[in-house]
Each structure stands twice: as C-alpha cells, then as structure tokens.
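Shown next, in structure tokens, is the structure this report addresses.
The values are calculated or read from the model by the stated rules, or taken from the named source; none is laboratory data. All values derive from a computational prediction rather than experimental measurement. Cβ: placed from backbone, ideal geometry, glycine included. Neighbour counts: every protein chain shown.
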Amino acid sequence: MNMKRGFYIGRFQPYHNGHQSVLEHIAQNVDEIIIGIGSAQLSHHPDNPFTAGERVLMITRSLASLGCPFYVIPIEDIQRNALWAAHVRSMAPPFDTCYSSNPLVVRLFSEAGVDVQSPAMYERERLSGTEIRRRMLAGEPWEDLVPREVARVLTEIDATERLRKISQND
C-alpha cells in the first residue's frame, strides 16, 4: 500500500482556527501530514513573536485529536527562493502533495514539480496572525480566533505582554 503524505507550511504566528480548518480538511485526503513551521529562526519581533518551540506546542496540542498522524518540522528561511522548495524537501520526510494558498509557495513548489493543492481559506479576513496580533495589542478579544489549546499556550507564555514589549519604540 502506498502511503499518501501531505505537506502544509505556515509561520503560525500564532496558529489559529483557519490553520485548524485547513489541516482537518487535509487529514481527510492523506494518510499522514507534515507541518512545516516556516521562518523557524524568527521570534521576539512584532510580526514573528513566537519561537519555533512555542509554535510546535500550539500545533501539537491543537491537533491531538486530529485522527491522522502528523509531524511538525521547524524550517528556517534560506533567503533564496529558487532553492527554497529543495531546501524544504531536504528538511522534511518525503511527501506527495503540498497544500498551500500562498501564491509564492504554490509557485515555488509547482516549479519544483510538486503537486500543489490550494485548499479554501477559512474566514481569511478574520483569521490571520496579523489580525490576532493586532487584537492582542489593542486589548480586544482574540481567544475565539484560535483553538482553545493555543489560547492556553499563549496565556502560559504571557504572549500579550511579550507583544507589547517588543512592539514598543525605544
């Protein structure tokens, strides 16, 4: 039997209900999922406040009951788009299909000869890391935009306070 393995990459800053929806969809179409944490080397910046380890925790706790085996792989940027798909493939277990709606990711994997599927984005206007971080900084409700386990991780690491501190000017 041939095992079908799908690949999904994101920065997950933070992991949110849109990511959860896409991964639940992917899980219905594959035997295993590889989740790449993009820009793994970045943290403690207003656009990338969380470490790769914190993002692994958010994802693994949120997907505990997914019903499909998954692997979470931190992937650092190499700043060379022409080589990026090969870099990702060297860091991840072999996969058959890349799932992404990011135009650059779609283009780079397509050019590398990888089958790419673009799943529908779930409530994209509300469900984005940018919007969640904005709400956190503004003191607005954000918890309903992320899985319960992510809200717990973000509370555990005092994410709102971190965001406030790293967003200040000196």
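Some notes on this structure:
- Leading residue by the ranking (farthest from ARG11 (Cα to Cα)) among those in segment 118-139 that are within 14 Å of the chain's Cα centre (by Cα) and of a type in the set (Gly, Ala, Ser): SER128
- Some residue of segment 140-147 being within 14 Å of the chain's Cα centre (by Cα) and either in a helix (DSSP H, G or I) or buried (at least 16 other Cβ atoms within 10 Å of the Cβ) (or both): yes
- Taking each residue of segment 68-82 that is in contact (Cβ under 8 Å) with a residue 40 or more places away in the chain and looking for partners that are part of a helix (DSSP H, G or I) with beta-carbon atoms closer than 6 Å, six or more apart or interchain, yields CYS68/ALA27; ILE75/VAL88; ILE75/MET91.
- Counting only helices (runs of 4 or more DSSP H) wholly contained in segment 9-98, no element carries 1 or more residues that are of a type in the set (S, T, N, Q), modelled with pLDDT of 95 or more and closer than 30 Å to ASN169 by Cβ.
- Residue identified as within 18 Å of GLN117 (Cα to Cα), under 14 Å from the mean Cα position of the chain (by Cα) and not aliphatic (A, V, I, L, M) among GLN28, GLN20, GLN13: GLN20
For (1) aliphatic (A, V, I, L, M); (2) crowded, with 17+ Cβ neighbours inside 10 Å, each residue gets a yes or a no:
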position: HIS19; (1), (2): no, yes
position: VAL22; (1), (2): yes, yes
position: VAL30; (1), (2): yes, yes
position: SER39; (1), (2): no, yes
position: HIS44; (1), (2): no, no
position: PRO49; (1), (2): no, yes
position: ALA52; (1), (2): yes, yes
position: VAL56; (1), (2): yes, yes
